[in-house]
Amino acid sequence: MKALLLTLFVVLLAGTVEAHAEPVVVVNAASAVPQLSQDAVINIFLGRYRTLPTGGTARPIDQPENSVVRAEFYRRLVNKDLTEITAYWSRLLFSGRTSPPLQAATAADVLALMMAYPDSVAYVDRSQVDKRLRIVMEFPK
């Protein structure tokens, strides 16, 4: 019984910690992009345009579909929930106007894709930022 209660406590604690994700927008540390405005990030992640300030083409990378970080990122970026974002992309895909960000299968895959594609732009939880990444946009507290 104690083991069951301890497991339940750990699961609830993990859910609480994860529910308070703090997304930041990052690029590969070797990228020449110094920073991005929130408007530029909106345009890149919503497919309006994908040009970086350096002239390169941005390759946006999304977190896994049901990720808490993903939900918090789009809520802070454009005040939309994931259902609204999915509907937005469904309309755009039907029209053939643009393509959605590259979809990572796991949070670890986001980091692997960031290393594979030098012009990638992604968002991760602040706790995932290490020397391989550079923060180019933060949301106001």
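Figures for the structure shown
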{"read-out": "Restricting the stretch 102-123 to residues that are touching a Leu at 6+ places or on another chain (Cβ under 9 Å) and part of a strand (DSSP E or B), the residue that is farthest from E72 (Cα to Cα)", "value": "S120"}
{"read-out": "Residue match in the stretch 47-56 (condition: surrounded by 15 or more Cβ atoms within 10 Å (Cβ to Cβ) and part of a helix (DSSP H, G or I))", "value": "no"}
{"read-out": "Matching residues, the stretch 71-95, being surrounded by 13 or more Cβ atoms within 10 Å (Cβ to Cβ) and of a type in the set (K, R)", "value": "R75, R76, K80"}
{"read-out": "Given (1) touching a helix residue (DSSP H, G or I) at 6+ places or on another chain (Cβ under 6 Å); (2) of a type outside the set (D, E, K, R); (3) crowded, with 20+ Cβ neighbours inside 10 Å, number of the condition T98 does not satisfy", "value": "(3)"}
{"read-out": "Tally, over the stretch 96-120, of residues that are without any contact (Cβ under 8 Å) to a residue 40 or more places away in the chain and touching a strand residue (DSSP E or B) at 6+ places or on another chain (Cβ under 8 Å)", "value": "1"}
{"read-out": "Only one of A19, A3 that is at pLDDT below 90, touching a helix residue (DSSP H, G or I) at 6+ places or on another chain (Cβ under 8 Å) and not hydroxyl-bearing (S, T, Y)", "value": "A19"}
{"read-out": "The one condition in (1) of a type in the set (K, R); (2) crowded, with 17+ Cβ neighbours inside 10 Å; (3) without any contact (Cβ under 8 Å) to a residue 40 or more places away in the chain that R59 fails to fulfil", "value": "(3)"}
{"read-out": "Conditions (1) closer than 18 Å to V27 by Cβ; (2) hydrophobic (A, V, I, L, M, F, W, C); (3) more than 14 Å from the chain's Cα centre (by Cα); (4) surrounded by 13 or more Cβ atoms within 10 Å (Cβ to Cβ): number failed by A116", "value": "(4)"}
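The values are calculated or read from the model by the stated rules, or taken from the named source; none is laboratory data. Because the structure is predicted, anything quoted here is derived from the model rather than measured. Glycine gets a Cβ as well: all are built from the backbone with ideal geometry, and neighbour counts include every protein chain shown.
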